[in-house]
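Okay, structure first, notes after.
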Amino acid sequence: MLTLRLGTDRGKHQMPAAPVTIPVTTRSGAYDAVVGLGVLDDLGKHLQSLPGRAPGRVMIVADQGIPQAMIDRARASIAEAGFQVGLIVLTPTEADKSPTTLNAIWSALLAFGATRDDMLVALGGGIVGDIAGFAAATYLRGIRVVQCPSTLLAMVDASVGGKTGINLALGADLLKNMAGCFHQPSLVLADVGLLKSLADRQFRSGLAECLKHGLLAGDFDDPALWTWTITSLGPLLSLDPDALTQLVARNVAVKARVVGVDERETAENHGRALLNLGHTFGHAIETLPNVRPEGAAPGASLLHGEAVGLGLLAAARCAGLAGLADRALPDAIAEALQACSLPIHAVGLPDSGLVLARMHHDKKARSGRIRLILPTDRARCVIRDDLAESVIVEAIDSLRA
Ligand SMILES: NC(=O)c1ccc[n+]([C@@H]2O[C@H](COP(=O)([O-])OP(=O)(O)OC[C@H]3O[C@@H](n4cnc5c(N)ncnc54)[C@H](O)[C@@H]3O)[C@@H](O)[C@H]2O)c1
């Protein structure tokens with residue numbers, strides 16, 4: 001069983017004031033995720049103590065949205081530890097999560113003279129983490145990467161577990177994460193102080209992934225995560241560092257346990273597939289043109305976490321209709337989403353048949369059947385591919401504003 005190493009002697013589920021270290025153990029590698037306020041200032045020291053040969057050069061791939069002062073702190077910490085530092089700043093859009101940007105990172109590593117012992121630090125949201133991770137996985141057939149996530153979504157999800165990749169274009173369609181590989185980081189360093197500058201809507205979008213973890217954490221050693229998250233929304237939304245540290249640490253621990261049992265998503269009815277809760281619906285609607293959250297101005301689009309939140313609701317409605325969950329569960333999820341100011345309806349959803357067709361094309365669909373992760377209560381899910389399409393259509397229709 002996995003344990004959190006707290007910086008204090010307080011209990012696992014109490015608020016830690018000091019950084020929390022979560023060991024992540026997968027078949028291809030073990031590493032720590034360190035979560036806390038100000039941990040970025042220790043980046044250089046952490047790099048010094050990583051196993052293996054010390055790097056000479058460290059290239060930071062930074063997200064343009066991060067305040068310059070935070071990038072400077074990371075840079076100074078690495079330089080003070082005696083490493084030569086390089087910096088590339090990326091514009092993180094899905095269109096830029098592309099072969100062109102990947103090539104630009106490879107070229108910068110070459111020009112920097114990076115060798116196999118050198119390292120890449122991804123300092124940014126999920127887009128930067130995914131593309132920088134893929135660049136590290138492929139440059140010289142693989143160099144080490146340290147993930148320093150800067151959005152809530154990247155802290156609780158994208159930075160842990162080793163999935164890296166880029167999007168590919170097919171005509172006018174941008175297909176998400178179509179090229180990539182597994183490349184576990186050597187360290188994850190999540191400084192919750194970075195969340196201060198994050199746009200409120202992005203923060204709330206990250207909360208949707210935390211709600212997702214809460215709904216499946218019962219089988220991963222934290223059955224109280226959902227309830228704790230809901231009752232802690234006050235301090236979380238006011239960015240209390242202790243509450244944020246606990247939120248990120250507990251979510252990372254859940255993700256670590258999931259990827260620890262199923263690193264490559266090969267388990268049939270357990271493991272990493274469960275993390276797709278809310279995503280089969282979410283992926284189908286987030287890239288549809290002209291779909292926006294209820295109340296948003298025309299032209300706005302859904303953020304990933306907003307689409308996942310709608311997906312959680314649709315999945316719970318399917319579970320309720322199929323008799324797998326209490327009918328009160330979808331209402332509880334809708335209430336939680338509203339408490340996080342996340343949408344429970346979308347404007348501009350096309351005919352459900354079109355959404356259903358996109359769900360059939362999901363990377364995770366098997367032999368023509370839509371595979372859904374369905375919450376059965378506030379801590380557990382089941383995987384089913386035998387739901388009547390009429391049930392899925394009813395759930396999609398329930399999301400219309
Ligand atoms: N690898 C995985 O397991 C995994 C899991 C989930 C999502 N993802 C990927 O993650 C991406 C989404 O990541 P995201 O939600 O972090 O969004 P993002 O990377 O698009 O970042 C969102 C916005 O926040 C800005 N930003 C980042 N950090 C900031 C900070 N500290 N202060 C101010 N602004 C900041 C960015 O510049 C950007 O404008 C998607 O491409 C998705 O496919 C990967």
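The values are calculated or read from the model by the stated rules, or taken from the named source; none is laboratory data. Keep in mind it's a predicted model, so treat the numbers as computed, not measured. Cβ atoms come from the backbone with ideal geometry, glycine included; neighbour counts cover every protein chain shown.
Figures for the structure shown
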| item | result |
| --- | --- |
| Hey, Ala208 in a helix (DSSP H, G or I) and aliphatic (A, V, I, L, M) or not | yes |
| Within region 297-309, tally of residues that are outside any helix (DSSP H, G or I) and either under 14 Å from Leu349 (Cα atoms) or of a type in the set (S, T, N, Q) (or both) | 5 |
| Matching residues in region 107-150 - criterion: being in a strand (DSSP E or B) and either of a type outside the set (A, V, I, L, M, F, W, C) or surrounded by fewer than 24 Cβ atoms within 10 Å (Cβ to Cβ) (or both) | Gly124, Arg144, Gln147, Pro149 |
| Subset of region 30-42 [in contact (Cβ under 8 Å) with a residue 12 or more places away in the chain and either within 15 Å of the ligand (Cβ to nearest atom) or assigned to a strand (DSSP E or B) (or both)] | Tyr31, Asp32, Ala33, Val34, Val35, Gly36, Leu37, Gly38, Val39, Leu40 |
| Residue under evaluation Leu215, criteria (1) at pLDDT 95 or above; (2) surrounded by fewer than 24 Cβ atoms within 10 Å (Cβ to Cβ), criterion not met | (2) |
| So Asp326, is it at pLDDT below 95, of a type outside the set (Phe, Trp, Tyr) and in contact with a Gly (Cβ under 8 Å, 6 or more places away or on another chain) | yes |
| When residues of region 49-67 are limited to those that are loosely packed, with under 13 Cβ neighbours inside 10 Å and away from the ligand (no atom under 11 Å from the Cβ), the one nearest to Phe203 (Cα to Cα) | Ser49 |
| Search result, residues across region 305-335 that are among the acidic types (Asp, Glu) and surrounded by 24 or more Cβ atoms within 10 Å (Cβ to Cβ) | Glu306 |
| Leading residue by the ranking (nearest to Val61 (Cα to Cα)) among those in region 80-106 that are buried (at least 20 other Cβ atoms within 10 Å of the Cβ) and under 19 Å from the mean Cα position of the chain (by Cα) | Leu90 |
| Sole residue being under 16 Å from the mean Cα position of the chain (by Cα) and either surrounded by fewer than 22 Cβ atoms within 10 Å (Cβ to Cβ) or within 11 Å of the ligand (Cβ to nearest atom) (or both), chosen from Leu153, Leu168, Leu175 | Leu153 |
| Filtered residues of region 357-381 (kept if aliphatic (A, V, I, L, M) and either buried (at least 16 other Cβ atoms within 10 Å of the Cβ) or part of a loop (DSSP other than H, G, I, E, B) (or both)) | Met359, Ala365, Ile370, Leu372, Ile373, Leu374, Ala379 |
| Filter result for the condition that a residue is within 15 Å of Lys212 (Cβ to Cβ) and in contact with a strand residue (DSSP E or B) (Cβ under 6 Å, 6 or more places away or on another chain), over Ala316, Ala307, Ala300, Ala336 | Ala316 |
| Region 260-287, residues that are farther than 20 Å from Pro330 by Cα, free of Cβ contacts under 8 Å to residues at least 60 places away in the same chain and either assigned by TED's automatic domain parsing to the domain that holds Ala316 or not in a loop (DSSP other than H, G, I, E, B) (or both) | Val261, Gly271, Glu286 |
| Region 230-247: number of residues that are touching a Cys at 6+ places or on another chain (Cβ under 9 Å) and either of a type in the set (Asp, Glu) or buried (at least 24 other Cβ atoms within 10 Å of the Cβ) (or both) | 1 |
| Residues of region 68-87 satisfying the condition of being within 16 Å of the ligand (Cβ to nearest atom), more than 22 Å from Asp32 (Cβ to Cβ) and aliphatic (A, V, I, L, M) | Ala69, Ile71, Leu87 |
| Close pairs from region 141-163: first assigned by TED's automatic domain parsing to the domain that holds Leu50, partner near the ligand (Cβ under 8 Å from one of its atoms) and of a type in the set (Ser, Thr, Tyr), Cβ under 6 Å, at least 6 apart | Gln147/Ser159; Pro149/Ser159 |
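Results for (1) more than 7 Å from the ligand (Cβ to nearest atom); (2) within 14 Å of Ala62 (Cβ to Cβ); (3) out of contact with any helix residue (DSSP H, G or I) (no Cβ under 6 Å at 6 or more places or on another chain); (4) modelled with pLDDT under 95, shown as yes or no for each residue.
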{"position": "Ala135", "(1), (2), (3), (4)": "yes, yes, no, no"}
{"position": "Thr138", "(1), (2), (3), (4)": "yes, no, yes, no"}
{"position": "Gly142", "(1), (2), (3), (4)": "yes, no, yes, no"}
{"position": "Ser159", "(1), (2), (3), (4)": "yes, no, no, no"}
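For (1) β-branched (Val, Ile, Thr); (2) surrounded by fewer than 18 Cβ atoms within 10 Å (Cβ to Cβ), each residue gets a yes or a no:
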position	(1), (2)
Thr280	yes, no
Ala297	no, yes
Leu303	no, no
Leu337	no, no
